[in-house]
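First up is the structure itself, then whatever we jot down about it.
The values are calculated or read from the model by the stated rules, or taken from the named source; none is laboratory data. Note that the structure is predicted; figures quoted are calculated from it, not measured. Note: ideal-geometry Cβ built from the backbone for every residue, glycine included; neighbour counts use all protein chains shown.
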Amino acid sequence: MVPLIWGSFRMPIIRGTCANDKPIADIVLAPVISAVGCVEGVPSFANFHMTPLRALLDTGADGTSISTTVAQTHQLTNLGRRTVVGIGGPVMKRTWGVFVGFLFDQNTDFEGDNYHAKSVFAVPDAKLAVELPPNGWFDVIIGRDILTMYDFYMKRGGHWELHLS
Amino acid sequence: MSQVQQLEIDRNYQFFVDYAPTILDQHRGEYALLRNRECVAIFPTLLEAVSEAAARFKDEPYSIQEVADGPVDLGFFSHADHQGDLR
């Protein structure tokens, strides 16, 4: 399946500088099940909640996880359970099905003037995201299930790049 | 989420904990569709599992589990001290 990009045919590169030593990217989410019995076969622009969420890019995480608060506001459907590594031992958490989209800046030319616009790069595969307790740090963790689909670079000075190609 | 759905998820999970090791070698990383403490089918992608569940069960309760062994590691969050605000 080809990744969906709105407003561009080029593969985007997301760049950032680590805030508090952590790489944070802006993302959006769409539910796999938007209503009872209604399955979204592909991520569509209309289904993404366009409120940006703070996502930690974490190569030490096995998979994607989403805070309970975000799951509620995005009306995600609980699909199952998953045991999670915790400080005090394994704990059982809920799981939700989601599509993930990365927000990136795009230069557009409108009547000769250049503008910056936000576009969405949608990860084509739906992910079974694990419950993340509400916290003040970030809304989502993007783990190796997504990062290994692309090229993620950490550079000197705390700069990072995610090549979505 | 209704209590009926939550109960179905919990019951299916209890079943799946014992069932998963028997299918792990052949279906690691795939997705099991569960209903009434039985594995209905296994699919290579989550989307296929959700689509089949929606078509077959409509609004009846079911659950979906990834076929995996051991607990999932949430990386930073699994090992961090959940105190304070790092922003």
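It is to be established whether one or more residues within segment B:22-29 are modelled with pLDDT of 95 or more, more than 8 Å from chain A (Cβ to nearest Cβ) and surrounded by 19 or more Cβ atoms within 10 Å (Cβ to Cβ). There is no residue in segment B:22-29 that is modelled with pLDDT of 95 or more, more than 8 Å from chain A (Cβ to nearest Cβ) and surrounded by 19 or more Cβ atoms within 10 Å (Cβ to Cβ).
When the criteria are applied in full, residue A:63 fails the requirement of being surrounded by fewer than 16 Cβ atoms within 10 Å (Cβ to Cβ) and not aromatic (Phe, Trp, Tyr). Residues in segment A:45-66 that are of a type in the set (A, V, I, L, M, F, W, C) and assigned to a loop (DSSP other than H, G, I, E, B): 1 in all.
Here segment B:31-82 is the region considered, the condition is being part of a strand (DSSP E or B) and acidic (Asp, Glu), and the residue that is nearest to residue A:88 (Cα to Cα) is B:66.
The set of residues in segment A:76-125 being under 20 Å from residue B:5 (Cβ atoms), in a strand (DSSP E or B) and among the aliphatic types (A, V, I, L, M) consists of A:79, A:92, A:98. Every residue in segment A:78-97 that is touching a strand residue (DSSP E or B) at 6+ places or on another chain (Cβ under 8 Å) and facing another protein chain (nearest Cβ under 7 Å), please. Listed by number, the residues that qualify are A:78, A:79, A:80, A:81, A:82, A:83, A:84, A:85, A:90, A:97.
Put simply, of A:14, A:27 the only residue that is under 30 Å from residue A:159 (Cβ atoms), crowded, with 18+ Cβ neighbours inside 10 Å, modelled with pLDDT of 95 or more and not hydroxyl-bearing (Ser, Thr, Tyr) is A:27.
Here's the yes/no breakdown for (1) in contact (Cβ under 8 Å) with a residue 24 or more places away in the chain; (2) surrounded by fewer than 16 Cβ atoms within 10 Å (Cβ to Cβ):
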site	(1), (2)
A:73	yes, yes
A:80	yes, no
A:90	no, yes
A:114	no, yes
A:126	yes, no
A:148	no, yes
A:152	yes, no
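Checking each residue in segment A:126-147 for being at the interface with chain B (Cβ under 10 Å from one of its Cβ atoms) and part of a helix (DSSP H, G or I) picks out A:144, A:145.
Taking the residues in segment A:48-76 that are farther than 22 Å from residue A:145 by Cα and within 15 Å of the chain's Cα centre (by Cα) as candidates, determine which candidate is modelled with the lowest pLDDT. Once the filter is applied, the top-ranked residue is A:50. Here B:17, B:67 are screened, and the one residue that is within 11 Å of the chain's Cα centre (by Cα) and surrounded by fewer than 14 Cβ atoms within 10 Å (Cβ to Cβ) is B:17. With the structure loaded, tell me whether residue A:107 is within 14 Å of chain B (Cβ to nearest Cβ) and more than 12 Å from the chain's Cα centre (by Cα) or whether it fails that test. So residue A:107 does not fit the description; no.
If the condition is being more than 9 Å from chain A (Cβ to nearest Cβ) and farther than 20 Å from residue A:82 by Cβ, then segment B:30-51 contributes only B:36. Among the residues examined, residue A:160 does not qualify as surrounded by 22 or more Cβ atoms within 10 Å (Cβ to Cβ) and modelled with pLDDT of 85 or more.
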